[in-house]
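Here is the structure we will look at, set down as structure tokens.
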Amino acid sequence: MGMAGLFNFAASRPCGACSSFSSVPYRTSYFLPMKVAPLIPSRVVASTRSSVDVAFSSRSITGNFSWEDVLSTPQSDSSAEDSSSYLQGYFEKVKLCNRGSEKQCEFLPFVIEDQIVGFIHNGFADRLRTFKDVFIFPRDKLYGSPFDDYVSLHPILKTPEQRTIAVGNVVKCLGEEWVPGIRNELFPVTSSFGAPTFFSLERAAAPYFGIKAYGVHMSGYVEKNGQKHLWIGKRSRVKPTYPGMLDHLVAGGLPHGIDCQENLAKECEEEAGIPRSISNGAIPVGAVSYVDIDGCRYKRDVLFCYDLKLPESFEPTNEDGEVESFKLIPITQVAEVIRKTQFFKPNCSLVIIDFLFRHGYIRPERLGYLDLLRSLRIGDCS
């Protein structure tokens, strides 16, 4: 299949209500992969010797595979492989992070001080209507709502602190039934990165309010015998999200009140035992973004990417119990794992694909090169 037409730079609108979003200045225009092979098989073949269970659900992906399965992923002769199909596995991983564009018409804008800060599913919004002293629903299509109203906060809640407390109490009332996986960690609610924070929201509730969420992902690599190797982590099997899946050496969400560099240093210490004397050498290299709609969840994530060249003698040690083990793997092997399996936590694939571009492992001669490069920032990268 040729790559021309693989991306439609204006998302299709399956219902008339959705088309109203396109005229709203605050609204992001999305371009999503089209006509890609099914992405969610019930089983993923890791090699000719073994097949590995990878279970998918609307809230989590669970991996039941070993490092042996990962390292058994068959290698391809990239020079001999058909140029028109070589990037297909990467495109599929991008699509896995950007589902549900046809369901945009089911969400109401969440507006604070005339700024759209999120999108809330109409079913979840109906539950919020019972909290009349916290949420209001003005009847106005000014913000491109597919319905006759949008969601906002009660005008009596004037300060970020008042809003944080009020919405936090609502999240507690809704409980695990409506907002599973409460973490007691606050994310800032803002119109864009660095803009004023309107209030802070429980991290687990972020996708239910459709707010922008930010994180840091670091590729820790070593050069051995002239070849780059990536340190890869395997998530603890008791993690509430993506247990047992492959992950970056260091990654984490960006909570309220901490900047990227400080958050990265903290995560380096907790997740991989990397002292600040080493983590201070991490280089910020850009960002990736995606938009994923799944049921009532509307994820609008931006991940800040970092590279850290580590000494050959370095070995990570997990300090917070969230990583089961680590493995140093040649980057060419990691690329094949991304292309041919679904062992990685989905958003990690985007960051590693970006690493492959920046370090010359994906080259312009490949058909679809620019489309794939552009697809790594499908979401509103602001």
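The values are calculated or read from the model by the stated rules, or taken from the named source; none is laboratory data. No experiment lies behind these values; they were computed from the predicted model shown. When we count neighbours, we look across all protein chains shown, and the Cβ atoms used for this are built from the backbone with ideal geometry, even at glycine. Just the protein is used for accessible areas: all its heavy atoms, side chains included, with ligands, DNA and RNA removed. Shrake-Rupley method; radii C 1.70, N 1.55, O 1.52, S 1.80 Å.
Taking all Cα pairs closer than 8 Å and separated by 6 or more residues, the relative contact order of the range 104-210 comes to 26 percent.
Using the C-alpha atoms of the range 225-273, what convex hull volume per residue, in cubic angstrom, is computed?
Hull volume normalised by residue count: 107 Å³.
Note on Q333 and L71: the extension gain reaches 93.6 nm, defined as 0.36 nm multiplied by sequence separation minus the Cα-Cα distance. The three principal axes of the C-alpha atoms in the range 210-293 carry coordinate ranges of 45, 29, 23 Å, sorted with the longest axis first. The alpha-carbon positions of the range 113-217 define a convex hull whose volume is 112 Å³ per residue.
In Å², what does the accessible area per residue of the range 131-262 work out to with a 1.4 Å probe? Working shown, then result.
On the way: 5620 Å² over 132 residues.
Here the residues of the range 131-262 average 43 Å² of exposed surface.
Bridgeable lysines around K309 (alpha carbons under 30 Å apart, same-chain partners fewer than 8 residues away excluded): K93, K95, K212, K224, K228, K234, K239, K266, K327, K340, K345. Near the amide H of G118, within less than 5 Å, lie the amide hydrogens of F110, all on another chain or at least 5 residues away, with H placed in the peptide plane.
Ordering G100, H217, T159 by the projection of their Cα atoms onto the charge dipole of the range 92-236, which places +1 on the Cβ of Lys and Arg and -1 on the Cβ of Asp and Glu, puts H217 at the extreme positive end. Under a 5 Å amide H cut-off, with hydrogens placed 1.01 Å from N, L249 pairs with G220, G233 among residues at least 5 apart or on other chains. Protection proxy ranking, highest mean first, for peptides 197-208, 105-116, 252-263: 197-208, 105-116, 252-263, where packing is the per-residue count of other beta-carbon atoms within 10 Å, averaged.
Phi angles of the range 310-320 translate, via the Karplus equation with coefficients 6.51, -1.76, 1.60 and θ = phi - 60°, into HN-Hα couplings of 9, x, 4, 7, 5, 9, x, 9, 6, 10, 10 Hz per residue; Gly and Pro are given as x.
Overall, the accessible surface of the range 81-145 at a probe of 1.4 angstrom is composed of carbon and sulfur to the extent of 47 percent. Applied to the range 249-258, the Karplus parametrisation 6.51 cos²θ - 1.76 cosθ + 1.60 on θ = phi - 60° returns per-residue 3J(HN,Hα) values of 4, 9, 7, x, x, 9, x, 5, x, 9 Hz, with x for Gly and Pro.
All alpha carbon pair distances within the range 259-382 were sorted into 10 Å bins beginning at 0; the resulting P(r) in whole percents reads 11, 35, 39, 14, 1. The amide H of V285, built 1.01 Å from its N in the peptide plane, has C305, Y306, D307 as neighbours under 5 Å, considering only residues 5 or more places off or on other chains.
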